[in-house]
Amino acid sequence: SGFDWDHPDLDDNIWSNTDEIAGNGIDDDNNGYIDDIRGWDFVNNDNNPDESSSSSHGTHVAGIIGAEIDNGTGVAGTAGNVTIMPLRIGSGPTSTRYAGAFTYAADNGAHIANTSFSVDSRVGDPVYRAALRYMYDTGVLHFNSAGNDDELNPLRQNMHESLFVASTNSVDGRSGFTNYGIGI
């Protein structure tokens, strides 16, 4: 869903494409994206990966990971000194959006990619799998949700290029809704 890259608890941790000159309408770094200073929106095909007004999920997840530490604002993220690259692929994205975002992340130096959507329908999708493999082969660690269907061994566990994260409860046991199994 992208995220609010101008959020006061995230703004100092946002990735910047230093090979691009802002606002000149030219693809200065020849990566196929014009003025991609702050990442890319693969839904609208523009340089504004800001979260849509209908969702705050991306900002919420980005904050858990990278909210700035000791800035007197909000909370501290689990990795509060991290650099976050804003990318937006939208809900129900097509395989080409996944492929574009995954390739963009890998080609622009991402070390970790986090997504939080159901990927079970993508298990047999060759475009999605090739993009996932590309990230994996370039050394990007991909995290994704294990899913929220209380399902044993969901299809996504067959994608070994990803690390699937299940939910735990307040006593560190499995949440009743989270997917689980031998591959998760």
Open item on the list: Given the options VAL82, VAL61, VAL43, name the one that is assigned to a helix (DSSP H, G or I), under 27 Å from PRO8 (Cα atoms) and touching a residue at least 40 places away in the same chain (Cβ under 8 Å).
Closed with: VAL61
Open item on the list: Going by what's in this entry, would TYR180 be described as under 26 Å from GLY2 (Cβ atoms), among the aromatic types (Phe, Trp, Tyr) and either at pLDDT 95 or above or open to solvent by 20 Å² or more (accessible area, probe 1.4 Å) (or both)?
Closed with: no
Open item on the list: Just to be sure before I move on: is ALA67 without any contact (Cβ under 8 Å) to a residue 40 or more places away in the chain and either open to solvent by less than 70 Å² (accessible area, probe 1.4 Å) or more than 25 Å from ALA106 (Cβ to Cβ) (or both) in the structure I sent?
Closed with: no
Open item on the list: For the list (1) in contact (Cβ under 8 Å) with a residue 40 or more places away in the chain; (2) over 25 Å from ILE182 (Cβ atoms); (3) in contact with a Gly (Cβ under 9 Å, 6 or more places away or on another chain), I need the number of the one condition that SER116 fails.
Closed with: (2)
Task: Failed item in (1) surrounded by fewer than 16 Cβ atoms within 10 Å (Cβ to Cβ); (2) touching a residue at least 60 places away in the same chain (Cβ under 8 Å); (3) within 18 Å of the chain's Cα centre (by Cα), with ASN17 passing the rest - done: (1)
Task: Members of the stretch 88-107 that are open to solvent by 40 Å² or more (accessible area, probe 1.4 Å) and touching a residue at least 60 places away in the same chain (Cβ under 8 Å) - done: SER91, ASP107
- [ ] Among the candidates GLU51, GLU20, GLU68, single out the residue that is part of a loop (DSSP other than H, G, I, E, B), closer than 17 Å to ALA101 by Cα and of a type in the set (Asp, Glu).
- [x] GLU51
TODO: Would you please name the residue that is farthest from the chain's Cα centre (by Cα), looking only at residues in the stretch 85-105 that are assigned to a loop (DSSP other than H, G, I, E, B) and among the small types (Gly, Ala, Ser)?
DONE: GLY92
Task: Subset of the stretch 130-141 that is crowded, with 17+ Cβ neighbours inside 10 Å and out of contact with any Phe, Trp or Tyr (no Cβ under 7 Å at 6 or more places or on another chain) - its residue that is farthest from ILE14 (Cα to Cα) - done: TYR136
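The values are calculated or read from the model by the stated rules, or taken from the named source; none is laboratory data. Every value quoted in this text rests on a predicted model; they were computed, and no experiment measured them. With ideal geometry, Cβ positions are generated from the backbone for all residues, glycine too; neighbour counts draw on all protein chains shown. Protein only, heavy atoms only, side chains kept; ligands, DNA and RNA dropped before computing areas. Shrake-Rupley method; radii C 1.70, N 1.55, O 1.52, S 1.80 Å.
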